[in-house]
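Inspection log for the structure reproduced underneath, given as structure tokens.
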Amino acid sequence: QVQLVESGGGLVQAGGSLRLSCAASGSDFRIKAMGWYRRAPGSQRELVATISRFGSTDYVDSVKGRFTISRDNARNTVYLQMNSLKAEDTAEYYCNYYPSRVDAWGQGTQVTVSS
């Protein structure tokens, strides 16, 4: 059974940084692309960043140059380094496979950016 556990969220001032972590169980982590997603209040969940099994990355335009996704296959963990945070980055952040799997959504971690 897949289990993804996000951590690292919190309250930060605009311009600040946070690093999110996602610990994955399961033996297929190393061979799967992963993604970070977010859902802001009143909005649908959106894909923020992806990383392939080989480390290739892609980002939604609104976070390019500010966020960095990475993975440590030895630790079954994917990270999201978020710099220069803006109020509009406030959301619940989730990791999942890419494409996402319905049975893999975790509890998420809340990021709140005060302006």
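Overview of results
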item	result
Rounded to the nearest 20 debye, dipole of the range 32-108 from Cβ charges on Lys, Arg, Asp, Glu	180 debye
Dipole of the chain, positive direction: furthest Cα of Cys22, Gln107, Thr90, with charges on the beta-carbon	Cys22
Separation in nanometres of the label points that stand 7 Å from Cα toward Cβ, at Gln44 and Gln81	3.2 nm
Average Cα contact separation per residue, the range 1-81, under 8 Å, 6 or more apart, as relative contact order %	28 percent
Kirkwood Rh, Cα atoms: Rg over Rh of the chain	0.94
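Rule-based calculations on the coordinates, nothing more; no lab input. Computed from a predicted structure; not experimentally measured. No Cβ is skipped: glycine too gets one built from the backbone with ideal geometry, and neighbour counts run over all protein chains shown.
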